[in-house]
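**Student:** I am attaching a structure below and will ask some questions about it afterwards.
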Amino acid sequence: MRIEAYNQVQQIYQAKKINQTQKTGNVSRTDQLQISSFGKDIQVAKAALAGAPDVREQLTAPIKAQVQNGTYSVDNATFAEKLLKKYEEMR
């Protein structure tokens, strides 16, 4: 393997990089960011979701209590129907 050839190629690319930066000179440029109204609406929605709890306790608390008491029961026929319906939707 010839290391000299690699060094020569590297020197050529470095020279081009320097020339490109020298061409721009002392021009100062600033980046700008503009967010559309749709983007702002999405930011507002994300902020609202971040403030909302992940679990709605008013719905889950009664079910948790029934499970802990041992009084929670599932109708097997209804469960089977819903399971088959979901299976059919996935196919």
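The values are calculated or read from the model by the stated rules, or taken from the named source; none is laboratory data. Bear in mind the structure is a predicted one, so any value in this text is a computation, not a measurement. No Cβ is skipped: glycine too gets one built from the backbone with ideal geometry, and neighbour counts run over all protein chains shown.
**Student:** Residues in segment 31-67 that are part of a helix (DSSP H, G or I) and not aliphatic (A, V, I, L, M): how many?
**Tutor:** So the first thing to find is which residues in segment 31-67 are part of a helix (DSSP H, G or I), and the list is 37-51, 57-67.
The next check asks that each one be not aliphatic (A, V, I, L, M); those that pass are 37-41, 43, 46, 51, 57-58, 60, 62, 64, 66.
Residues flagged as part of a helix (DSSP H, G or I) and not aliphatic (A, V, I, L, M) within segment 31-67 amount to 14.
**Student:** Test Ala80 against the stated conditions and say whether it is within 31 Å of the chain's Cα centre (by Cα), at pLDDT 90 or above, surrounded by 10 or more Cβ atoms within 10 Å (Cβ to Cβ) and of a type in the set (A, V, I, L, M). Please lay out each step first, then the result.
**Tutor:** Numbers: within 31 Å of the chain's Cα centre (by Cα): no; at pLDDT 90 or above: yes; surrounded by 10 or more Cβ atoms within 10 Å (Cβ to Cβ): yes; of a type in the set (A, V, I, L, M): yes.
Judged against the criteria, Ala80 is not a match.
**Student:** Mind counting the residues in segment 26-67 that are hydroxyl-bearing (Ser, Thr, Tyr) and surrounded by 10 or more Cβ atoms within 10 Å (Cβ to Cβ)? Steps first, please.
**Tutor:** Initial filter on segment 26-67 (hydroxyl-bearing (Ser, Thr, Tyr)): 28, 30, 36-37, 60.
After this cut, where a residue has to be surrounded by 10 or more Cβ atoms within 10 Å (Cβ to Cβ) as well, the list is 60.
Within segment 26-67, residues that are hydroxyl-bearing (Ser, Thr, Tyr) and surrounded by 10 or more Cβ atoms within 10 Å (Cβ to Cβ) number 1.
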